[in-house]
Amino acid sequence: PGNMHWLLLHGAQPEARSASGTSPISVALGHGDAGIETLQLLFAHGGSPAGRSGLARFMEACLQRQQQDSRAEAFALGLLSRGADPFAADAAGTPPLPLAVRLGWMRLLERLLAMGVDPDSCDARGLTGLHLATSQGRLDIVKLLLRPGGSPDRRGADGDTPLGIALANSNRVLAEWLNWNQWKLPRRPLQARDLPAAAMSGDSGAVQRLLDLGLPIDTRDHQGCTALLRAAGGGHLPLVQLLLERGAAPDIAATSGATPLSAAVSMRHIAIVNCLLNSGCGLEQRLPGDVTVLMLAAALGLPEITTRLLQAGADVHAVDAQGLTPLHCAALYGFTARDRSRLLALLDALLLAGADPQRRSHTQATPLLLLLGGKADPGTPCSDDLLLVAMERLLDEDARIDVADKHGITPLHLAAQHGLQQVAHALLRAGANPSIRDNAQRSAHDVAMARGYMEIAADLASPTAAATNTVSMARFLRD
């Protein structure tokens, strides 16, 4: 360096080239760590490492001389700052990234990747950084290369993949990190929205690795769904447990308004409902239309989930934007229900929790009116037998039989409209007034005639006989 300093002071050019085309900088780079002082002198007098292969040449020299200390790495980082090419290979055909892996220079690796270097850059033997890191057992480098898109199934010139190398070396930890057999790596830099995508597939291992790589746990996908919401809706209980343990927020709603709890309820995943409730998720978080999850469970006819929500403190008196309570929602489900025990269990759960059978909606509908098809189109399939039993359960709670909605429709009108002969008989026995007319001035008899239910029309024309001569099916079934 002393002689070099004297020459530079007397006008020698730091980038002068010999007849073979080599420069002092190129020669000094080929000495690796031993050439640092000379290079610093050359740079101080205007020399530059810019151009092809300078960085790779320096790194290859450090590797050959086993000069892997932090001083050499810091100098390599300085070469990049001075304009050295991060992409160009050395004379043997190996670019800087594989050399950085072999040298174990993490800071330089991070810098190269940040500059856009391909994480699958191959050395002269066709091996990528992941091949080399796996051979060295360097989990830290494997993680670093996976996030920008390194491929664990890329084959080298010898046909081996990084995963194959890990398996051959019996390195279980690395093999787990390189095995993405369910949710596949996207062959591009990982993005935050990949986490909900992996959760949708139910791949707990992939989700855990993505979290370990730093992907935000509460990231939303294009539909506003978080990983927890996707896992809850998909029925992936172990994944739900993992995400909650890792700190996922249980109350983030999707663009549609769905929450993890509502998704689990909708898909009837009671184990996940329990898990979310135990995590302290909000019970009264409103869905579109001001619907609660208790209303949702009731509308879907889910007595087990309804009971669990009530046990957790769900508000049985909550009202949605239409003035409907959970009992109204259960009644809506009941009109087309086919499972007698399920419907009765649902009604029992809500009534025992204090639901009000007299509560009116904004259209003045009570649960009894909705149970008998107050919102259903004429001709909608329904079960006279089942509705009879369910109606008597509401009547046991003193539900009013002559109540009318805003259109003046009574339970007897609805029985006539939907052809519910046994229900009509039971209402007459309970004292329903067949002479009440709706806002269109129609009696229940008029409705039955218009719908073609002649037997019901005849019963309504002689209500005393109908009430006297008919056995109560509900009483028969219950007794």
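The values are calculated or read from the model by the stated rules, or taken from the named source; none is laboratory data. None of the values given here were measured: they were computed from a predicted structure. Every residue, glycine as well, gets a Cβ built from its backbone with ideal geometry; the counts of neighbours run over all protein chains shown.
Some notes on this structure:
- Close pairs from the stretch 376-393: first closer than 11 Å to L420 by Cα, partner loosely packed, with under 14 Cβ neighbours inside 10 Å, Cβ under 7 Å, at least 6 apart: S383/R338
- Residue in the stretch 165-185 that is surrounded by fewer than 19 Cβ atoms within 10 Å (Cβ to Cβ), farther than 17 Å from T259 by Cα, under 14 Å from the mean Cα position of the chain (by Cα) and not assigned by TED's automatic domain parsing to the domain that holds L127 present: no
- Lone qualifier among G104, G116, G149 - being at positive phi, surrounded by fewer than 22 Cβ atoms within 10 Å (Cβ to Cβ), modelled with pLDDT of 95 or more and touching a helix residue (DSSP H, G or I) at 6+ places or on another chain (Cβ under 9 Å): G104
- Test: residue in the stretch 217-238 that is at pLDDT 95 or above, in contact with a Pro (Cβ under 6 Å, 6 or more places away or on another chain) and exposed (fewer than 15 other Cβ atoms within 10 Å of the Cβ): no
- The set of residues from the stretch 165-187 being part of a loop (DSSP other than H, G, I, E, B) and among the hydrophobic types (A, V, I, L, M, F, W, C) comprises W180, W183, L185.
- Matching residues, the stretch 183-208, being farther than 21 Å from V117 by Cα and at pLDDT below 95: none
- Of all the listed residues (A299, A376, A312), the sole one being within 21 Å of A426 (Cβ to Cβ) and not hydroxyl-bearing (S, T, Y) is A376.
- Those helices (runs of 4 or more DSSP H) lying entirely in the stretch 409-462 with at least 1 residues closer than 20 Å to M391 by Cβ, assigned by TED's automatic domain parsing to the domain that holds L388 and touching a residue at least 60 places away in the same chain (Cβ under 8 Å): 444-451
- Odd one out for L347, checked against (1) part of a loop (DSSP other than H, G, I, E, B); (2) crowded, with 17+ Cβ neighbours inside 10 Å: (1)
- Condition check for A124: assigned to a loop (DSSP other than H, G, I, E, B), surrounded by fewer than 19 Cβ atoms within 10 Å (Cβ to Cβ) and assigned by TED's automatic domain parsing to the domain that holds Q66: yes
- Counting the residues of the stretch 322-352 that are closer than 12 Å to S383 by Cβ and hydroxyl-bearing (S, T, Y) gives 1.
- Residue count for the stretch 369-404, restricted to those that are hydrophobic (A, V, I, L, M, F, W, C) and part of a loop (DSSP other than H, G, I, E, B): 7.
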